[in-house]
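Have a look at the structure below before the remarks.
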Amino acid sequence: MTGPGPGAQAGVGDVAGELRRLLAATTGRPELAATTLDTALFGGGVGLDSLTGTLLLRQVRQRFGVDVAAEDLNLDALATLGTLSAFVCDRVVSDQIVSDRSVNGGA
Amino acid sequence: MLPVPPAGCADVWWLDIGTVTVGRPELAELSLEEHKRAASFAFRSDRRRYTAAHVMLRRVLSGYVDIPPSSLIFRREPCPRCGKPNGRPALPFGYGLHFSLAHSGDAVVIAVAGQQVGVDVEQQPTGCVCALSADMNAADAEWGRPLDEEARHELVMRWWVRAEAVLKCSGEGIGHGIGAFPVLGSPDGPVGPAVPGGPERLVAATEAHGCSLISLPAPDGYQAALALAGSVSGIRLAVRAPWTAAGSRRPSRDSVS
């Protein structure tokens, strides 16, 4: 998986913070607000099941406009909180660049 | 030895993990792979749910195939959609037996049948699930339009467990999408026998995605569904182990360990 560029590092932390909040809210488990970046999301780790996982991805789509399941067919992004944060941040930054280019006439 | 249910029939086993102790004798029945998976959970409650469910699965299946629980070996069938080895769990030699396991909160449910079977149970989430309406099949989503938020939550959860039961029965899982076909039929359709068990009962089924589908009565705060492969007008259910609810009100105390 391609990591975010140097300029996006602060963004990954921001995204991770928001994902922690969504994790805690989606599952009703406040302790998940302290999930570390290297913690697995499924099949162990914080133990998301198919329902809470789907809810999380739906809320990621609403909050960030990123459809993880559609864009990452191997679902590698869902391995840990860190990989998901990097994936979302990468897509948000890419969209921002595309958006800025179209505002600036494709410069 | 328990007989494998005949065509159109399914055995259902419930377990309230609030009522069981998972100690050394139980843990000794799990495989190395199951121990590794259990150890990978960050929270004790998740580890306990996983271990209790898999100990129960081994003990239940042991009764049908006359093999000690700890000697059972599981494999994964290929997904019928993509061929990856993440389809239905199965025993290596089949034994003419199919099974499905689901767990959520304190509830574990196992379905056993002589044909492909899928079961799902979900504890009502504390948060709003209306966002999932976007994942629903359009025909199913229509049922939710006139409902207030509380009733829509119920409907969405009912839809979820029914759709997931079908996709577990087919072996596709939810990875390929969950809204490709309607599963609600009539949202007020019939449900199965009472939770405490009782005699076998024929439950009218809805056809969905090549399966016959019913909602299972579930403990308070849960919803459940069961699907059998093929088309039958009703599924004959036998609740082999009832839900006791003895531990359902026990507050969970998650802790990192």
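The values are calculated or read from the model by the stated rules, or taken from the named source; none is laboratory data. If you're wondering where the values come from, they're calculated on a predicted model, not measured in any experiment. FYI the Cβ positions are ideal-geometry reconstructions off the backbone, even for glycines, and counts take in every protein chain you see.
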- Message: So for the range A:49-56 (the condition being on the phi < 0 side of the Ramachandran plot, under 14 Å from the mean Cα position of the chain (by Cα), part of a helix (DSSP H, G or I) and at the interface with chain B (Cβ under 7 Å from one of its Cβ atoms)), does at least one residue qualify?
- Response: yes
- Selected residue (only one of B:165, B:102, B:107, B:138 is over 30 Å from residue B:55 (Cα atoms) and either surrounded by 15 or more Cβ atoms within 10 Å (Cβ to Cβ) or among the small types (Gly, Ala, Ser) (or both)): B:138
- Filtering the range A:8-38 down to residues that are within 7 Å of chain B (Cβ to nearest Cβ) and either at pLDDT 95 or above or crowded, with 18+ Cβ neighbours inside 10 Å (or both) yields A:25, A:26, A:29
- Evaluate the following for residue A:66: is it out of contact with any strand residue (DSSP E or B) (no Cβ under 6 Å at 6 or more places or on another chain), buried (at least 19 other Cβ atoms within 10 Å of the Cβ) and in a loop (DSSP other than H, G, I, E, B)? yes
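Every residue, every condition in (1) within 14 Å of chain A (Cβ to nearest Cβ); (2) touching a residue at least 40 places away in the same chain (Cβ under 8 Å); (3) part of a helix (DSSP H, G or I); (4) hydroxyl-bearing (Ser, Thr, Tyr), yes or no:
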site	(1), (2), (3), (4)
B:15	no, yes, no, no
B:30	no, yes, no, no
B:37	yes, no, yes, no
B:50	yes, yes, yes, yes
B:60	no, yes, yes, no
B:63	no, yes, yes, no
B:80	no, yes, no, no
- When residue B:179 is evaluated against the numbered criteria (1) within 16 Å of residue A:58 (Cβ to Cβ); (2) in a helix (DSSP H, G or I); (3) under 19 Å from the mean Cα position of the chain (by Cα), which criterion, by number, is the only one it fails? (2)
- With the condition kept exactly as written, say whether any residue in the range B:146-162 is more than 25 Å from residue A:43 (Cβ to Cβ), in contact with a helix residue (DSSP H, G or I) (Cβ under 9 Å, 6 or more places away or on another chain) and of a type in the set (D, E, K, R). yes
- Query: Say we look at the range B:17-28 and pick out the residues that are touching a residue at least 12 places away in the same chain (Cβ under 8 Å) and more than 19 Å from residue A:29 (Cβ to Cβ); which of these is surrounded by the most Cβ atoms within 10 Å (Cβ to Cβ)?
  - Reply: B:22
- Failed item in (1) within 14 Å of another protein chain (Cβ to nearest Cβ); (2) in contact (Cβ under 8 Å) with a residue 12 or more places away in the chain; (3) outside any loop (DSSP other than H, G, I, E, B); (4) more than 13 Å from the chain's Cα centre (by Cα), with residue B:118 passing the rest: (4)
- Considering every residue within the range B:127-135, establish whether at least one is surrounded by 19 or more Cβ atoms within 10 Å (Cβ to Cβ), within 30 Å of residue B:5 (Cα to Cα) and of a type outside the set (A, V, I, L, M). no
- Note on the structure: Residue set B:151, B:131, B:165, B:204; condition modelled with pLDDT under 95 and within 14 Å of chain A (Cβ to nearest Cβ); output residue B:131
- Note on the structure: Within the range B:1-56, residues basic (Lys, Arg) and within 21 Å of the chain's Cα centre (by Cα) come out as B:37, B:47, B:48, B:49
- Tally the residues that are surrounded by fewer than 17 Cβ atoms within 10 Å (Cβ to Cβ) and within 11 Å of chain A (Cβ to nearest Cβ), restricting the search to the range B:168-184. 3
- All positions within the range B:98-113 that are in contact with a Gly (Cβ under 8 Å, 6 or more places away or on another chain) and at pLDDT below 95: B:105, B:106
- Message: Residues that are more than 10 Å from every other protein chain (Cβ to nearest Cβ), crowded, with 21+ Cβ neighbours inside 10 Å, closer than 25 Å to residue B:50 by Cβ and modelled with pLDDT under 95: does the range A:70-79 have at least one?
- Response: yes
